Structure formats: C-alpha cells, structure tokens
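To keep things clear, I will list the structure first and then write my remarks on it.
The values are calculated or read from the model by the stated rules, or taken from the named source; none is laboratory data. A quick note: this is a predicted structure, and the numbers were derived from the prediction, not measured. So basically every Cβ, Gly included, is an ideal-geometry build from the backbone, and we count neighbours across all protein chains shown. Ligands, DNA and RNA are stripped out before the accessible areas are found, and what is left, the full protein with its side chains, is counted by its heavy atoms. Shrake-Rupley method; radii C 1.70, N 1.55, O 1.52, S 1.80 Å.
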Amino acid sequence: MSWLERIISKTGMGKKIPKTTEASWIECKKCKEQILEVDLIENFHICPKCDHHFRMKPLDRIRLLVNPDSFEEHDQNLTSADPIKFKDKKKYKDRVKTALKAGGSTDAIVCGTGKMGDHEVELCVFDFFFLGGSMGSVVGEKITRGIERAIRNDRAVIIVSCSGGARMQEGILSLMQMAKTSAALQLLAEKQLPYISVLADPTTGGVSASFAFLGDIIIAEPKALIGFAGPRVIEQTIRQKLPEGFQRSEFLLEHGLIDQVVHRKELRNHLNNLLSHMKNTPISKLTTAKPATAEADPVKSDAE
Amino acid sequence: MAQILDFEKDIFAVENQIKELHSLSNMYDSVGDLTHEITKLKKKLRHMKRDVFNGLDGWQKTQVARHPERPYTLDYINNMFTDFEELHGDRHGGAGVSISGGFAKFDDQTVMVIGHQKGRDTAEKIRRNFGMSQPAGYRKALRLMRLAEKFNIPIITLIDTPGAYPGMDAEEQGQSEAIAYNLFVMSSLKVPIIAVIIGEGGSGGALAIGLGNRVMMLEHSVYSVISPEGCASILWGDKDKVKQAARALNMTSKQLEKLDVIDQIVGEPLGGAHRHHKWAAIMLKKALRSQLKELMALKPSELVAQRQEKFRNIGVFNTEKE
C-alpha cells in the first residue's frame, strides 16, 4: 500500500463509492435540485445544474490539484491540545474528540509535499468539516512548517483556505497563529519563492486577515464568501441587510482585492501556469485531473 | 459624575465617607480631631482596592479596560512623551483616524508612537469610530512604522480597540489585507518594536499593530481572539453569557503571561488606571524605558530574529506518534 492509500484506508475518506443501485441523492443548497451523489463527485463536487461549488474534503481537493501519487502528507501526527481548558456548552476536548472520530483529517488542515505539473509544491488544504476549518495552534504550526519546508527545499507554497477563522477555544493562542504564519511568509518572500493563496467558500476572520491575503497571487473559487467580518456581524453593526453578492469572490475581484476568480475545474491549470510564470519556466499543458469515481481508483487515477 | 462599576461601589462609598469626615472637621471645630478616623478609613480603602482589583475576573477586567475614563493613547502620549508631532493619512485616500501616531521624544530618544484612539466625548468617539479602525488606519500605521525604520527610530504601539471595524466600507477597502500585510511587514522591521495593550486588545484589530519584540500588558487590560459578546453569541447562542465567555477566553494579563504570549505586566495605580492617568503613565514609562534600553542594544538582524523566533514558538499542541 502506498502512504496515501494507508491514510485513506485509515481515515475512510477515499472509500470508493459503492457500486450499488441504491442511489444517494443530495440537495444542492443553491438551486435546491436533487443531485445524484455520484454525479456530484464526478463533477468535482460542483452542482451539474447550477455550478454551485460544494465544500470539498481535503484529500479530494489534493487529488484534484497534484499529479497522481505525488502527494506526501506531513505532520499529520499533530493534534489539538486544550491549552486553556475551554468549555462552553461543551468541552473543547470533547469537540476535538468528536471531530477526530468522524474519521476525516487529524485537524482542520492537511499539509504535504506534492507535484503540480513540473512544480514541486508545499500544499496546505483546509478541512472545513473539522470544526469549521478553524485555525488553532495545530493549523498555525502545520502551515508554518509547510512554509519552512518550502524555504529549505526551494519550493512554492499553495494554501487552499476554507475556514471561518481563528479557533476561539484556544483563545489568544489562535490569534497568535496569524502572526506566526504571516511572519513565516515573510521569510518565504525573502527567498523569492512563490506563494499562491486559493480562497474557497468560506474564508473569513483570522484566516482571511493573515496568510490568505498575503499571496503573491490570490485566487478565489466562484461565489465564495470572503471577508474579514462575517456578514451577520456587519449587518448587526450597520443595521441593514447586505446587498446580494456582497463579500463574494466576484465582488472582491471588482474591488481589486483578488487576482482571479477561477472555476474549480480550471484551478490546477491556472496554478501550474502561474507557477511557471513566476519561475520563468516552460509551461507544460496539463489535463484536468479526474475526480474520484466508482470506476476509477481515486488514488491511482491517472490524470496526465 | 464618574461612572462607577458594580465592584467599585464599596470603594466609592468609603471614599465618600473620608471626604465627608474631611469636610466635617474643616467646618466644625466641635467634632474634634478626626485624623485617627480618617487614617483608619484610608487604610481600609487601600485594602479594599487591593482585594477587589486583585480578584477581578475576565469580565470585570473587560469592564475596567472599557471604562470611559480609562486613559487612551493620546493621554499616554501627553503624559509620557514630549514634542509629539502627529502625522496623518495612509497616502491612499484614507485618514485612518481611529489610529493616532507620530514622532515623539521619550526622554532624549525620538520614538514613533502609534496607537488606537477611542475618543472621549460623543463627537470625538464618533469621529474616531470608537477606536475600531478602517483599513486606512492600519495602512497609516504601517506607513509610519516604515518611516521609523528608515530613520532607525524605535516603535512603540499602544493597543486599545474593540476590534477592526466590521463595516461594508472596511470590507470593500480590504480590511483583511490591511491587517495581514501589517503582520507580514512588522515581522521584518529592523528597529525595536514594543507593543503595549493599554485597554482593550480586540482580536485582529489589536494584533495588526501588535507584532512586537516585546508585548506588554497593563494590569487590567484584556487581550482576546474575540470579544466576550461575540464568543457568547457564537458558542453559547446567547449574547448574555458574556461573563462565562470572558472567563473561558483567558483574556487577562496574568493568564496571558502564563501562556507566554506577553512578556511583562505593567502595574496600574491602585483602583485602576482610570483613577489616575498621570500615575498610570509614569508606571508605564518606567517599564518602557527598561525594555527599550534592552532592545536598543540589539543589532537590526538580532531584532528581526528575536521577533521572528518569539512568534514562531507560540502555540500548544500534541504530537502523537503514529
């Protein structure tokens, strides 16, 4: 078994879709249409009817972005502690336990080294399904280690953000991860190594106000919610309803805050092109990665 | 009329008693010598203040930190420094008035001092947007910090904000980018940076000028990833659970010192800085002087390395073996 298969079999994330006749239907929260789960997966978790980009599990996204079999995960042994013994209606410890038991990632981010076309990259992908993708000490540390690996090995960094912001349950320590990751990016910049920030729905709060907006290039998926303050907080402050499309990717593009809005199917190509430009190397044309399907093995699927 | 917090009521009662005894003994000779009574009450008052203020929890400290008479940035600047030359504008269309800054003399040394300014009266509060900065404020702060670096001038930041402004215009002008970029640049500035939380250290809006070689906190200030109100409404689904939230968030100076997030707690006058602005400034100035002296002895490269390392090491997690 390859290392990725091992992780996948352990986490259950990459389980093949069972070839049963029992169809599993999912409602698109945008257009309210019923979609076959298989269709959704085959379409990169994009609604085939209205193009709504669903949230993705990190391994699905990694598969979409890097060359097959090229991803090596790092630091998956880092897990959240409970530094301030936080308890609201539930204990933070128990929230983490529940999240871990769900069998997905070991915290709200998956980081590792992979190859994208001809480029070696340090790739960090948020897991919104793990406590809302919130950034605590583990997320900050894993991103920082990823950046440091890139510095040591002359690699580019790509971070795919999908997070509600800092993890309140770690108090000030989660706020400090903004400083820690941003300071690490300064060292990366001094080495003239590229950093591309990809913003998925949602990217807000402390994640937005640190590394997510420090990309040499910032790319957003279509219609993603991106902002510092959440829409509800703004509505409470100004006591009026926000206009349609406010804080969405296209709005940010119009206001000069991001470089591109890129459809998920085109993301890998754009990233590869941009990296080639930044490094002034020839651009090799990539075909779009195949999504995980019942027919194609999700790990070994040959995308090239 | 001074605003009196719940836990200050008894203190004010004793203070009033002392005042009354004073005026009685001044007005009527017949009451005899009250010196003994007054001395006794004064002693009682000191003990009360100490007991009450040593035992404040997160929510009570938040109230002290937000006290309308607490000294603000400009009060500290006036009381600690001389020859303040305020500088304005982000040079990109914004005045950024929720943050004040400029050159000032600290003893004989020029420093760049930058801090959130909340505003004292209603008109000033509105003009300053209650210390909640727009992106322009952070960009102005950064401009001033770069100016300081150019002339090898140390930077002192005073933090006192409920948070970065959550408004439509702030979002349109790139609030996230403004904060993020400050963190990015501050980590590499080649001059000493000392950040002091003097009141409310509200989340990203506080951190945006808080990436210092030294991070100090006034005794009764607070510093948190989210306001108690925000935390209560998100995690408890009940914005009245502020007391619980404030306690859970570990936002007091003592708690943050234990987490190694701050380097020094600066004492306040007994009963809180709002009771004696000048005294509070004297105490802070003394602490700043010794920290600045230490940092001025470091080379630019050492300053950057020390700051980088300081923030690199913040975080608590488990490393379980596979």
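Data table
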read-out: ³J(HN,Hα), Karplus 6.51/-1.76/1.60, whole Hz, each residue of the range A:190-198, x for Gly, Pro; value: 4, 8, 6, 9, x, 9, 10, 9, 10
read-out: DSSP-loop GluC sites (Glu not before Pro) across the range A:202-288, with at most 16 other Cβ within 10 angstrom; value: A:Glu244
read-out: 1.4 Å probe, heavy atoms, protein only - residues of the range B:301-320 losing at least 40 Å² accessible area vs chain alone; value: B:Gln308, B:Phe311, B:Arg312, B:Ile314, B:Val316, B:Phe317, B:Asn318, B:Glu320
read-out: Fraction of accessible area attributable to carbon and sulfur, the range A:22-152 (%, probe 1.4 Å); value: 48 percent
read-out: Tensor-based shape of the range B:62-312 (alpha-carbon gyration tensor, a/c under 1.5 rounded, otherwise prolate or oblate); value: rounded
read-out: Selected from A:Pro222, A:Pro282, A:Pro58 as most flexible by GNM, with chain A as the system and alpha-carbon contacts under 10 Å; value: A:Pro282
read-out: Rh by Kirkwood over Cα pairs, then Stokes-Einstein D for the range A:152-203 at 0.692 mPa s and 37 °C, µm²/s; value: 263 µm²/s
read-out: Dipole of the protein assembly as shown [Lys/Arg +1, Asp/Glu -1 at C-beta], most positive-end residue of B:Ser98, B:Met296, B:His36; value: B:His36
read-out: In the range B:266-318, the chymotrypsin sites (Phe, Trp or Tyr not before Pro) that fall in loop regions by DSSP, at most 16 other Cβ within 10 Å; value: none
read-out: Whole-percent carbon and sulfur share, accessible surface of the range B:181-313, 1.4 Å; value: 54 percent
read-out: Candidates B:Ala273, B:Ala206, B:Ala297, ranked by Gaussian network fluctuation over chain B, Cα under 10 Å, top entry; value: B:Ala297
read-out: Where no second cysteine Cβ lies under 4.7 Å, the cysteines concerned in the protein assembly as shown; value: A:Cys162, B:Cys231
read-out: Residue-normalised accessible area of the range A:56-301, expressed per residue, 1.4 Å probe, Å²; value: 36 Å²
read-out: Threshold 40 Å² - residues in the range A:194-210 whose accessible area is reduced by that much or more when the chain is no longer isolated, probe 1.4 Å; value: A:Ala209
read-out: Debye log10 I(q)/I(0) for the range A:56-301, one point scatterer per Cα, at q = 0.14, 0.15, 0.18 Å⁻¹; value: -0.92, -1.06, -1.46
read-out: For the range A:116-179: Kirkwood Rh in Å [reciprocal of mean 1/r, alpha carbons]; value: 12.4 Å
read-out: Burial of 20 Å² or greater, the range A:159-185 residues [accessible area, probe 1.4 Å, versus chain by itself]; value: A:Met168, A:Gly171, A:Ile172, A:Leu173, A:Leu175, A:Met176, A:Met178, A:Ala179, A:Lys180, A:Ser182, A:Ala183
read-out: Accessible area in square angstrom per residue, chain B, 1.4 angstrom probe; value: 44 Å²
read-out: Unit charges at the beta carbon, dipole of chain A: most positive-side option, A:Thr287, A:Leu36, A:Met168; value: A:Met168
read-out: Accessible surface buried upon A-B contact (total; probe 1.4 Å; Å², nearest 100); value: 4700 Å²
read-out: Using a Förster distance of 41 Å, the FRET efficiency for B:Asp238-A:Glu37 (Cβ separation, nearest 0.05); value: 0.65
read-out: Rg [Å, one decimal], Dmax [Å, integer] - the range B:7-55, C-alpha atoms; value: 12.3, 41
read-out: In the range B:6-49, the chymotrypsin sites (Phe, Trp or Tyr not before Pro) that fall in loop regions by DSSP, at most 12 other Cβ within 10 Å; value: B:Tyr28
read-out: The range B:27-94 - Rg over Rh from alpha carbon coordinates, Kirkwood radius; value: 1.27
read-out: Mean separation of Cα contacts under 8 Å (6+ apart) over length of the range A:56-301, as relative contact order %; value: 17 percent
read-out: Shielding score for B:219-229, defined as the mean number of other chain Cβ atoms within 10 Å; value: 3
read-out: Longest exposed-site-free window of chain B, the sites being trypsin sites (Lys or Arg not before Pro) in a DSSP loop that have at most 11 other C-beta atoms within 10 Å; value: B:92-320
read-out: Average Cα contact separation per residue, chain B, under 8 Å, 6 or more apart, as relative contact order %; value: 16 percent
read-out: Cα gyration tensor shape of the protein assembly as shown, rounded if a/c is under 1.5, else prolate or oblate by comparing a/b with b/c; value: prolate
